[in-house]
2 protein chains.
Amino acid sequence: MTDSIVANSLTSSTAVTCDNCNLGNLCIPKGLNRSEIDALELLVNRNTLIRKGAALYHAGSPFKGILALRSGSAKLIHHDRSGHEFIVDFTLPGELLGFDGLTSLKYNCTAIALETVNFCRLPEHKIAVLANNSPSLSHVLLQRSSSQCDQQVQHMLLNRRSAEERVAGFILRLSERLKARGYAELEFRLSMSREDIGNYLGIAHETVSRIMHYFQAQQLIEIKSKHLKIKNKKKLLDFYSV
Amino acid sequence: MTDSIVANSLTSSTAVTCDNCNLGNLCIPKGLNRSEIDALELLVNRNTLIRKGAALYHAGSPFKGILALRSGSAKLIHHDRSGHEFIVDFTLPGELLGFDGLTSLKYNCTAIALETVNFCRLPEHKIAVLANNSPSLSHVLLQRSSSQCDQQVQHMLLNRRSAEERVAGFILRLSERLKARGYAELEFRLSMSREDIGNYLGIAHETVSRIMHYFQAQQLIEIKSKHLKIKNKKKLLDFYSV
DNA sequence: CGCAGTATTGACCAACCTCAAACACTGTGG
DNA sequence: CCACAGTGTTTGAGGTTGGTCAATACTGCG
C-alpha cells in the first residue's frame, strides 16, 4: 500500500506541463481556453518536491504565489502568541493553497507537508500580469478564493457541533473530497495524526480516538491506525446532517 | 443617542455618488483610479433601504452582486437541515457582503438587517464586464474576497478558545472594526442580541450574559443592555492574547 | 530488538449547557 | 402617561460533554 493518500501517477521523467498534468480540470486552468492555458504554461514553476514535515511556505513570509498540490497532502497552520498551533485546513492533492497570502502579500499561515508533496506554483508577480491579459484567470482566481471562503464557513459550522458530529463530518468530507478527485471514497489513509484531527476539529485527540472507536463498535467504520474504511455511510450521515 | 451603531451622515436628498459617499476608501473603489471610479458610478445601484429583520438576500437565491453597507449592520446566517440558524458573520457599516455568492452564483447565506440598513449594490452582470475593462477592479475584488477568508479564519480560531476569551475577543474586534471606520472605539451599541452573540461565538446566550457580568464586576467593561463601554482595554486584551 | 512517536483506554473533573424562573426594556394602544 | 404584552436579558441549580492526566499498547524505523 502506498504511503500517500494517493498514488502519484507520474513516475516518468518527461516534463510535466499543464497540458499533460494529472490534475485535469481541478487546477487553475479550469475554465480557461487553449491560448490562455498555453500562456499559463510559461509562467508556472513545475515539479517542486517537499518532504514530510517541511514547510511549503511560512506565515509572515512574502507571498510567492498560488500553489497547486499534485500529490501528497499538507496542513495549514496558524500560531498564536504562546506558540500553540491551530490547524486551519488540510489540503489534498489537486487542491490549491496560498490564498491566505493574497490580501497582505504576506502568508497568513504556515503550510506543512504531511507526507512527501509535489506541487506547482503560479508566481505572484505573474498573477497581476496574467490578470491583465486574461480576464478569465482573474475570474477563476476569484472563484477559487471565494470557494475557499465557503469551505472555511463549512468548517466553522462543523466546529460548533458535538464532538461526534465533528468526527463524522470530518470523515465524510474527506471522503467527498477524495471522491471528487477520483480516489476511493470508502477506503483511504488518513495522512494526518489524531492530534492533528483533534486540533482541526477543536477537540482533544483522546476524544477523536474514543469516537472513532465508538463508530467502529457501531459498525459505521473500520479503523486501524491510519487506515479507514467506511462501512455504513448512511448511518454516519445521520450523525452529521447539515 | 442614535438607534444605530453609527449615525448616517447623509440626511440631505442630494444624489449619492461614489464620489461623495461617506464610505470613503473603505468601499470597492479603494485602489481604483479616477476614470475607473467614474465607470463604477454608472454601474452601482445606490441608496437601497432595508429595515430591521428583513433580508438583504436569501441563501439559495441567484447572486445579484456585491453589496456595500452605507449605514446599519447585518448578520450573515446559514441554516442547517433542521432549520437551526448559525450566524457566520456580522457586517458593519462600510463593509462589503455578498462574496458567499461568487462561487456558485447563488448566495450561500442569508443576510438579515439588524437595524435599518442603507446599501449600494454592484450588480453581478456588470462585475465580469468591469473586470475586463478594469483589471484593478478584479484585483480589488480578489483582495476583498481573500480578506473575508482571513476573517473567517480568525473567527474560527477564536471559537476554539474558552468562553471568556471568545467574549473578550468579540468585544475587542468589534471595537477595532468600528475604530477603523472612524467610530468611537471604546463606547458603542451592540446591534445584535445576546442570542446572536452566543450563536456567533458558539456558546449559550446565558453564558454571554454571565461573562459580560463578570467582566463588568472586574471593571473591564460597563454593559447596560445593548450599550457597551470598554473601561480597561489592556486587561481585556489579557483574556484574548492571540 | 529497542526506541520514539503515536494511539488507545480509563478515571476523574471542570467548563459550559440546559432548564426554569425572575426581571428589564420596548413599543403599543387605551 | 400608564398598563400590558412580548421580547430580550439576567440569574440560579443541576447535569453532561468533553478535557486532563496518567498508564498502557501499538507502529514504524534504525
- Item | Only one of B:Val153, B:Val167 that is β-branched (Val, Ile, Thr) and open to solvent by less than 10 Å² (accessible area, probe 1.4 Å) | B:Val167
- Item | Contacts under 6 angstrom Cβ, first residue in the range B:174-202 being over 17 Å from B:Ala74 (Cα atoms), partner of a type in the set (D, E, K, R) and within 16 Å of DNA strand D (Cβ to nearest atom), 6 or more apart | B:Glu187/B:Lys229; B:Gly202/A:Arg160
- Tally time: how many residues in the range B:200-240 are more than 10 Å from DNA strand C (Cβ to nearest atom) and within 14 Å of chain A (Cβ to nearest Cβ)? 5
- Within the range A:120-150, the residues that are surrounded by 19 or more Cβ atoms within 10 Å (Cβ to Cβ) and under 25 Å from B:Asn159 (Cβ atoms) are A:Arg144, A:Ser145, A:Ser146, A:Gln148, A:Cys149, A:Asp150
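Yes/no per residue for (1) closer than 25 Å to A:Gln154 by Cβ; (2) within 14 Å of another protein chain (Cβ to nearest Cβ); (3) hydroxyl-bearing (Ser, Thr, Tyr); (4) touching a residue at least 60 places away in the same chain (Cβ under 8 Å):
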site	(1), (2), (3), (4)
B:Leu43	no, no, no, yes
B:Leu49	no, no, no, yes
B:Ile66	yes, yes, no, yes
B:Arg70	no, no, no, yes
B:Ser82	yes, yes, yes, no
B:Asp89	yes, yes, no, yes
- Item | Options A:Leu114, A:Leu130, A:Leu178, A:Leu190: the member that is hydrophobic (A, V, I, L, M, F, W, C) and over 14 Å from the mean Cα position of the chain (by Cα) | A:Leu130
- Message: Is it the case, given these coordinates, that A:Ser191 is within 10 Å of chain B (Cβ to nearest Cβ) and either among the polar types (S, T, N, Q) or open to solvent by 10 Å² or more (accessible area, probe 1.4 Å) (or both)?
- Response: no
- Query: Do you know which residues across the range B:159-197 are charged (D, E, K, R), out of contact with any helix residue (DSSP H, G or I) (no Cβ under 7 Å at 6 or more places or on another chain), more than 21 Å from A:Val88 (Cβ to Cβ) and within 12 Å of DNA strand C (Cβ to nearest atom)?
  - Reply: B:Arg189
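The values are calculated or read from the model by the stated rules, or taken from the named source; none is laboratory data. If you're wondering where the values come from, they're calculated on a predicted model, not measured in any experiment. Glycine also receives a Cβ, built like all others from the backbone with ideal geometry; neighbour counts cover every protein chain displayed. Surface areas here come from the heavy atoms of the whole protein model, side chains and all, with no ligands, DNA or RNA. Shrake-Rupley method; radii C 1.70, N 1.55, O 1.52, S 1.80 Å.
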